[in-house]
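Note sheet for the following structure.
The values are calculated or read from the model by the stated rules, or taken from the named source; none is laboratory data. Remember, predicted model here, so these are calculated numbers, not experimental data. Reconstructed Cβ throughout: ideal geometry from the backbone, glycine too, with neighbour counts over all protein chains shown.
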Amino acid sequence: MAVGPPQVADAEERWLSVNGIRTRYLFSACSSGSPGLPVLLVHGLLGFSYSWRQNIAALSSFADIYAPDLPGVGYSARSPGLDCSLSGLAEFLLAFAADLQLRNFDVVATSHGGALAMMAAAADAQAAGLSHRRIRRLVLVAPVNPWSAGRPWLTRMAAGRLGALCLRASYPLLARANGILLRRLYGDPARMQAEAARNYACAASLPGTARHLSRIMKCWHRDIRLLAESLPAIRAIPTLLIWGTRDRAVLPSSAAPLARSFDHVQVTMIPEAGHLPYEETPGAFNDAVKHFLTAPTIA
């Protein structure tokens, strides 16, 4: 399988060493002519910066956009010494922002990346205090959360050696397997771009990916408990929750209890979309994010 980062329109590929890990990210400067608050785009568990290919241009109309490939996935380095817990990855994300000298920024994050963003915001608020926090607002897209349905047997299997071996053994079939998986994540599979499965599979087939994902799974249940304990620290952060009404991965029914964890929250349900509304219905998604992030800051 040919390996190479796919091109994303209106985005520049850049590299940065973060805590000694070579990190790839996409950057797009604000096109409005006036500086906007930087926005970090944080992908989900099996994604990378490519996941935001239909959003970067639209969001850079009002902000500088930074979309990293998190360590262990995409085209960033695989590091056997990386702390793969939510807390460890949150520390990495905050270090990424610090190395870019981003003093204040918003975060748009999805699925496992949404849980990571909440953990990072909690660490940021606890370290600096709410009035001096760097993360100003959150947009969480079907984020993994304490009320989302899980399958303990599946995470236990994926965390074990057998799960990693199965993933590595399936590398030659990844493009086909990813196509099947992606179709299940869409509300309407006909909306899926033909090349998407191949581009995701190329990144997933890089050595070290299976081991990295297995290490994340080992932390999963403990991470969810710690996330629940961290939510009070981010209660005052203005937050937008976005879900597709046909999401089968992180059920929309978990939006309501999660929303009660925030004082200033909006919930947007995108009709007929699945788990990836930023890919499946980018127009509606981009409009919702732009409206929220360009509105006057509440807190």
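Go through the range 7-16 and give me each residue that's free of Cβ contacts under 8 Å to residues at least 24 places away in the same chain and under 19 Å from A97 (Cβ atoms). Selection gives E12, E13, R14, W15.
I need every pair where a residue in the range 82-96 that is within 15 Å of R134 (Cβ to Cβ) has its Cβ under 6 Å from the Cβ of a residue that is of a type in the set (G, A, S) and crowded, with 23+ Cβ neighbours inside 10 Å, sequence separation at least 6 or different chains. Pairs found: A90/A120; L93/A120; L94/A120. Tell me, yes or no, whether the range 15-31 has at least one residue that is of a type in the set (A, V, I, L, M, F, W, C), closer than 29 Å to H291 by Cα and touching a strand residue (DSSP E or B) at 6+ places or on another chain (Cβ under 7 Å). Among the residues of the range 15-31, at least one is of a type in the set (A, V, I, L, M, F, W, C), closer than 29 Å to H291 by Cα and touching a strand residue (DSSP E or B) at 6+ places or on another chain (Cβ under 7 Å), which makes the answer yes. For the range 28-41, the set of residues classified as closer than 15 Å to A11 by Cα and either buried (at least 18 other Cβ atoms within 10 Å of the Cβ) or touching a residue at least 60 places away in the same chain (Cβ under 8 Å) (or both) consists of S28, C30, P38, V39, L40, L41, listed by residue number. The one condition from (1) at pLDDT 95 or above; (2) within 22 Å of A201 (Cα to Cα) that R168 does not meet is (1).
On the basis of being surrounded by fewer than 20 Cβ atoms within 10 Å (Cβ to Cβ) and either aromatic (F, W, Y) or modelled with pLDDT under 95 (or both), does P252 make the cut? The answer is no for P252.
Here K290 clears all of (1) in contact with a helix residue (DSSP H, G or I) (Cβ under 6 Å, 6 or more places away or on another chain); (2) closer than 20 Å to L41 by Cα; (3) among the basic types (K, R) except the condition numbered (1). Within the range 49-62, can one find any residue that is assigned to a loop (DSSP other than H, G, I, E, B), touching a residue at least 24 places away in the same chain (Cβ under 8 Å) and surrounded by fewer than 18 Cβ atoms within 10 Å (Cβ to Cβ)? Looking through the range 49-62, at least one residue is assigned to a loop (DSSP other than H, G, I, E, B), touching a residue at least 24 places away in the same chain (Cβ under 8 Å) and surrounded by fewer than 18 Cβ atoms within 10 Å (Cβ to Cβ). Within the range 240-249, the set of residues being in contact with a helix residue (DSSP H, G or I) (Cβ under 8 Å, 6 or more places away or on another chain) and surrounded by 21 or more Cβ atoms within 10 Å (Cβ to Cβ) comprises L240, L241, I242, W243, G244. If the condition is being within 14 Å of the chain's Cα centre (by Cα) and assigned to a loop (DSSP other than H, G, I, E, B), then the range 77-114 contributes only S111.
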